[in-house]
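The values are calculated or read from the model by the stated rules, or taken from the named source; none is laboratory data. Given the structure is predicted, the values throughout are model-derived calculations rather than measurements. Heads up, the Cβs are rebuilt from the backbone with ideal geometry, glycines too, and the neighbour counts pull from every protein chain shown.
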Amino acid sequence: MTENRADAILGALVLAAAVGFLVYAGQIAGVGQGRAGYDLTASFRSAEGVRVGSDVRLGGVKVGTVADMRLDAESFEAELRLALRADMLLPEDTLAVVASEGLLGGAYIELLPGGSPFDIEPGGRIEQTQSAVSLVTLLLRAVTGGGDDTGAEAAP
């Protein structure tokens with residue numbers, strides 16, 4: 001009888017620990033926090049490495065996520081919908097950059113606010129963007145000694 005009681009107590013402790021880990025993981029992932037905030041769109045020539053769910057950061061702090069990605073059939077640009085926190089009002093001249101966490105790290109969107117006194121309205125568009133730079137392209141330039149890809153030859 002005491003062995004069954006000890007098994008039941010141990011099972012309850014393991015179950016409580018599992019529930020605790022799930023609650024902690026949910027808090028870290030932001031599950032159940034609702035959709036308090038607003039969306040902005042931004043177009044990039046290349047959004048290489050960015051995925052739905054990638055971070056949107058300002059000053060290194062996560063302020064939102066990439067909510068949707070699609071290819072604009074007319075401009076052939078990647079159009080991203082960014083879901084931002086409600087308290088993140090950005091100036092009209094904000095720059096959105098596809099950044100990387102390092103050689104093997106994932107890509108994210110870095111927001112660099114400008115100095116405009118006017119904010120982008122919810123549902124608006126970030127006009128100034130900077131696309132991802134391909135690591136393969138950079139390596140090829142370093143190996144081949146290519147400085148620019150304009151096709152212009154250097155003067156003798």
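A few notes on this one:
- Looking across the range 49-74, the residues that are surrounded by 17 or more Cβ atoms within 10 Å (Cβ to Cβ) and more than 20 Å from GLY123 (Cα to Cα) come down to GLY49, VAL50.
- Scanning the range 87-141 for residues that are within 18 Å of MET69 (Cβ to Cβ), charged (D, E, K, R) and either exposed (fewer than 12 other Cβ atoms within 10 Å of the Cβ) or in contact (Cβ under 8 Å) with a residue 60 or more places away in the chain (or both) yields a single hit, ARG125.
- ALA78 being assigned by TED's automatic domain parsing to the domain that holds LEU135 and surrounded by 18 or more Cβ atoms within 10 Å (Cβ to Cβ): yes
- Filtered residues of the range 90-115 (kept if more than 13 Å from the chain's Cα centre (by Cα) and at pLDDT below 90): GLY102, LEU103, LEU104
- Yes/no for ALA47 being touching a Ser or Thr at 6+ places or on another chain (Cβ under 9 Å) and in the same structural domain as THR129 (by TED's automatic domain parsing): yes
- Of the criteria (1) assigned to a loop (DSSP other than H, G, I, E, B); (2) touching a Pro at 6+ places or on another chain (Cβ under 6 Å), which one GLY105 fails: (2)
- Qualifying positions in the range 37-62 - touching a residue at least 24 places away in the same chain (Cβ under 8 Å) and part of a strand (DSSP E or B): GLY37, TYR38, ASP39, LEU40, THR41, ALA42, SER43, PHE44, ASP55, VAL56, ARG57, LEU58
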